[in-house]
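Reading through the structure tokens given below for one structure.
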Amino acid sequence: MSVTRESSEAARLGFLSTGLAVFALWNLFTFLGAVTGNLIGDPRDYGLDAAVGAAFLALLWPRLSDPRNRVIAACAALVALGVVPVTAAGVPVLVAGGVALLAGLLTRTGTDATESPSR
């Protein structure tokens, strides 16, 4: 929420407001889920298990305008799919994140390194 802002002040405001909203809503809905979770049954019956992946993709999508980022994302996804059969649940996501981080560092250009962190 802060990366695309035009000024440091707007970036700071975006970061803080998003962080506070996530903190408050996460705790509120965790409490509500704990209290009422058994009433709705199995979330897989409603397809809610796919919501996390969809939310992650929604956050990632604006970054895929750069061809380099698309290639890195595709490589990370392929590696994640490759390790699914041999690792525990959740590990492929961590491996994909590691691949993306490593690829991003190895393909970093001079303009990437000199850009302001708030942009």
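The values are calculated or read from the model by the stated rules, or taken from the named source; none is laboratory data. As the structure is a computational prediction, the values presented were derived from the model and not from experiment. Note: ideal-geometry Cβ built from the backbone for every residue, glycine included; neighbour counts use all protein chains shown. To get the accessible areas, we keep the full protein, side chains included, count just its heavy atoms, and leave off ligands, DNA and RNA. Shrake-Rupley method; radii C 1.70, N 1.55, O 1.52, S 1.80 Å.
Search segment 44-60 for residues being over 17 Å from Val93 (Cβ atoms) and in a helix (DSSP H, G or I), and hand back the single one that is least open to solvent (accessible area, probe 1.4 Å).
Of the residues in segment 44-60, the ones over 17 Å from Val93 (Cβ atoms) are 44-48.
Next, from what is left, pick out any that are in a helix (DSSP H, G or I): 44-46, 48.
Values: Arg44: 161, Asp45: 119, Tyr46: 143, Leu48: 92 Å².
Per the criteria, the residue is Leu48.
Scan segment 88-119 residue by residue and report those that are under 22 Å from Ala54 (Cα atoms) and modelled with pLDDT of 85 or more. Give the derivation first.
Residues of segment 88-119 that are under 22 Å from Ala54 (Cα atoms), as a first pass: 88-101.
The answer is Ala88, Val91, Pro92, Val93, Leu94, Val95, Ala96, Gly97, Gly98, Val99, Ala100, Leu101.
For (1) open to solvent by 70 Å² or more (accessible area, probe 1.4 Å); (2) hydrophobic (A, V, I, L, M, F, W, C), each residue gets a yes or a no:
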position	(1), (2)
Pro62	yes, no
Ser65	yes, no
Ala80	no, yes
Ala88	no, yes
Val91	no, yes
Val95	no, yes
Leu101	yes, yes
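Are there any pairs with C-beta distances below 8 angstrom linking a residue in segment 73-91 that is closer than 19 Å to Trp61 by Cα to a residue that is of a type in the set (Asp, Glu) and open to solvent by 60 Å² or more (accessible area, probe 1.4 Å), with the two at least 6 apart or on different chains, and if so which?
none
Regarding segment 15-29, can at least one residue be identified that is surrounded by 10 or more Cβ atoms within 10 Å (Cβ to Cβ) and either in contact with a helix residue (DSSP H, G or I) (Cβ under 7 Å, 6 or more places away or on another chain) or touching a residue at least 24 places away in the same chain (Cβ under 8 Å) (or both)?
Just the residues of segment 15-29 that are surrounded by 10 or more Cβ atoms within 10 Å (Cβ to Cβ), to begin with: 15-29.
After this cut, where a residue has to be either in contact with a helix residue (DSSP H, G or I) (Cβ under 7 Å, 6 or more places away or on another chain) or touching a residue at least 24 places away in the same chain (Cβ under 8 Å) (or both) as well, the list is none.
The answer is no, given that none of the residues of segment 15-29 is surrounded by 10 or more Cβ atoms within 10 Å (Cβ to Cβ) and either in contact with a helix residue (DSSP H, G or I) (Cβ under 7 Å, 6 or more places away or on another chain) or touching a residue at least 24 places away in the same chain (Cβ under 8 Å) (or both).
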